[in-house]
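Structure record follows, encoded as structure tokens.
The values are calculated or read from the model by the stated rules, or taken from the named source; none is laboratory data. Remember, it's a predicted structure, so these values are computed and weren't measured experimentally. Cβ placement follows ideal geometry from the backbone for every residue including glycine, while neighbour counts extend to all protein chains displayed.
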Amino acid sequence: MESSSWDSIDRLVGWLDGASALPPGEERLLRILKLSEEAGEVAQAVIGATGQNPRKGVTNGWDDVEKELCDVVVSALVALRTLTPDAAGVFARRLTAIEERSLAAHREP
């Protein structure tokens, strides 16, 4: 992820911290729970894009799903940054581990 993206995450976390009246531990938990809310919005957009609610029909496009997925990613990065100032490093290391584990089965001996 680009450093400018992490700069944006840092600014968002700073803004949220400044606006919060909650104790830090409670704020941290709520930022993690925010992921569930955002994931639900992805599900709602997919249902709307596929017309799976017969009463409503098609109410969303796949561009709505893309936006909601981005909201999940941003919420996750904000939660991660709330947990650690080294969010970028934690994310990079974890992404590398996932990539290595996932692609290891496809490498030739």
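Being within 21 Å of Trp6 (Cβ to Cβ) and either aromatic (Phe, Trp, Tyr) or touching a residue at least 40 places away in the same chain (Cβ under 8 Å) (or both), is that true of even one residue in region 19-27?
Taking every residue of region 19-27 in turn, at least one turns out to be within 21 Å of Trp6 (Cβ to Cβ) and either aromatic (Phe, Trp, Tyr) or touching a residue at least 40 places away in the same chain (Cβ under 8 Å) (or both).
Which pairs have Cβ atoms under 7 Å, sit 6 or more apart or on different chains, and link a residue in region 61-90 that is surrounded by 14 or more Cβ atoms within 10 Å (Cβ to Cβ) to one that is polar (S, T, N, Q)?
Listed by first residue and then by second, the contacts come to Val90/Thr84.
Report yes if some residue within region 45-52 is of a type in the set (Ser, Thr, Tyr), over 13 Å from the mean Cα position of the chain (by Cα) and assigned to a helix (DSSP H, G or I); otherwise report no. Full working, then the answer.
Going through region 45-52, the residues of a type in the set (Ser, Thr, Tyr) turn out to be 50.
Imposing the further condition that a residue be over 13 Å from the mean Cα position of the chain (by Cα) reduces the set to 50.
Narrowing the set further to residues that are assigned to a helix (DSSP H, G or I) leaves 50.
Yes, some residue in region 45-52 is of a type in the set (Ser, Thr, Tyr), over 13 Å from the mean Cα position of the chain (by Cα) and assigned to a helix (DSSP H, G or I).
One residue is enough: does region 15-23 have a residue meeting the conditions among the hydroxyl-bearing types (Ser, Thr, Tyr), in a loop (DSSP other than H, G, I, E, B) and surrounded by 11 or more Cβ atoms within 10 Å (Cβ to Cβ)?
Of all residues in region 15-23, those among the hydroxyl-bearing types (Ser, Thr, Tyr) come to 20.
With in a loop (DSSP other than H, G, I, E, B) added as a condition, the list becomes 20.
Then drop every residue that is not surrounded by 11 or more Cβ atoms within 10 Å (Cβ to Cβ), which leaves 20.
Yes, region 15-23 contains a residue that is among the hydroxyl-bearing types (Ser, Thr, Tyr), in a loop (DSSP other than H, G, I, E, B) and surrounded by 11 or more Cβ atoms within 10 Å (Cβ to Cβ).
Condition test on Ser102, is it out of contact with any Lys or Arg (no Cβ under 9 Å at 6 or more places or on another chain) and either outside any loop (DSSP other than H, G, I, E, B) or more than 22 Å from Ser5 (Cα to Cα) (or both)? Show your work before the answer.
On the way: out of contact with any Lys or Arg (no Cβ under 9 Å at 6 or more places or on another chain): yes; either outside any loop (DSSP other than H, G, I, E, B) or more than 22 Å from Ser5 (Cα to Cα) (or both): yes.
Taking the combined requirement at face value, the residue satisfies it.
Return a yes/no flag: does region 94-102 have any residue that is without any contact (Cβ under 8 Å) to a residue 60 or more places away in the chain and in contact with a helix residue (DSSP H, G or I) (Cβ under 7 Å, 6 or more places away or on another chain). Don't jump to the end; show me each part of the working.
Quick first cut of region 94-102, residues without any contact (Cβ under 8 Å) to a residue 60 or more places away in the chain only: 94-102.
Filter again for in contact with a helix residue (DSSP H, G or I) (Cβ under 7 Å, 6 or more places away or on another chain), leaving none.
No, because not a single residue in region 94-102 is without any contact (Cβ under 8 Å) to a residue 60 or more places away in the chain and in contact with a helix residue (DSSP H, G or I) (Cβ under 7 Å, 6 or more places away or on another chain).
Could you say which residue among Glu2, Glu26 is at pLDDT below 95 and surrounded by fewer than 16 Cβ atoms within 10 Å (Cβ to Cβ)?
Going through Glu2, Glu26 in turn, just one is at pLDDT below 95 and surrounded by fewer than 16 Cβ atoms within 10 Å (Cβ to Cβ): Glu2.
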